[in-house]
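**Student:** I have a structure here, written as structure tokens, and I will follow up with some questions on it.
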Amino acid sequence: MPAVTGMRTGAPKLLGFGGLGLLTGVLAKAGDESGWRWAADLGTYPAAWVLSVALIGWWAPSLRAAAVRAGVFFAAMAVAYYAWAALVLDFGWSARLLIAWLVLSATAVPATGAAVHWATRRSGWLPGGLLGVPAGLVLGSGAAHEWWRVWVQPDLALPDRPVQVVAELVTAAALVALLPQDRRTRGWAAALAVPAVLVAAPVLELFRSVV
């Protein structure tokens with residue numbers, strides 16, 4: 001009976017995360033086509049997605065729930081994004097990209113949600129690394145990194161993306177300062193975010209070449 005009850009109470013929540021993913025996918029595609037660069041940037045750069053999966057993992061009541069909820073959310077988002085492009089905007093189906101995102105929804109995304117759930121309930125260098133490394137990857141692969149390059153090299157002509165910079169800073173702050181359990185873990189998260197910043201750009205390029 002307890003197992004059956006758990007399944008009954010868990011199903012509506014999964015449907016809720018699936019519905020949230022569908023709505024997010026539609027909004028992401030609408031942002032791409034809106035003509036507003038900040039809206040398109042939020043769907044293109046990884047900050048919003050990293051923060052979403054991290055919050056799902058942190059809020060989940062168990063490791064399994066964190067993985068399943070993150071995967072369901074992301075899979076629904078991917079389906080809605082490409083379905084909206086094909087059925088509403090008449091762009092055609094990008095089957096290869098959709099399959100790639102669904103594979104990530106079944107592998108890397110659940111693993112990330114579970115890792116955040118585990119890390120936010122423990123102390124030390126490993127939990128700190130599991131939170132700090134994603135923060136560093138976000139800061140080193142997006143608009144914040146571009147802003148830094150312009151600051152150190154004023155002759156560079158890179159686009160100004162203030163909304164995306166804020167999104168990346170908020171994501172990094174949540175992962176490094178808010179979600180760790182204690183001060184020691186926050187210190188490890190901040191320290192281990194630094195090397196992740198340095199390798200973020202090539203990691204993002206590798207990811208884009210695969211997806």
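Each value in this text was obtained by applying a stated rule to the coordinates, not by laboratory testing. Since the structure is predicted, the reported quantities are computational estimates derived from the model, not experimental observations. Here the Cβ is made from the backbone with ideal geometry for all residues, glycine too, and neighbour counts use every protein chain on show.
**Student:** Give me the number: length gained by fully extending Gln153 to Val103, i.e. 0.36 nm times residue separation minus the C-alpha to C-alpha distance, one decimal in nm.
**Tutor:** Separation in residues times 0.36 nm, less the Cα-Cα distance, equals 14.1 nm.
**Student:** Subtracting the Cα-Cα distance from 0.36 nm times the residue separation, let me have the gained length for Asp160 to Glu33 in nm, one decimal.
**Tutor:** In short, 43.8 nm is gained.
**Student:** Now for a separate question. Based solely on its DSSP helices, what 222 nm [θ] is calculated for the chain when runs of n ≥ 4 H residues each add -39,500 (n - 2.57) and the sum is averaged over all residues, nearest 500 deg cm²/dmol?
**Tutor:** It comes out at -26000 deg cm²/dmol, rounded to the nearest 500.
**Student:** Using 7 Å Cα-to-Cβ label points, what is the Trp59/Val199 separation (nm, one decimal)?
**Tutor:** So the label points at Trp59 and Val199 sit 3.1 nm apart.
**Student:** I'd like the FRET efficiency for Leu15 and Ala191, computed as 1/(1 + (r/R0)^6) with the beta carbon distance as r and R0 of 45 Å, rounded to 0.05.
**Tutor:** With a Förster radius of 45 Å, E is 0.65.
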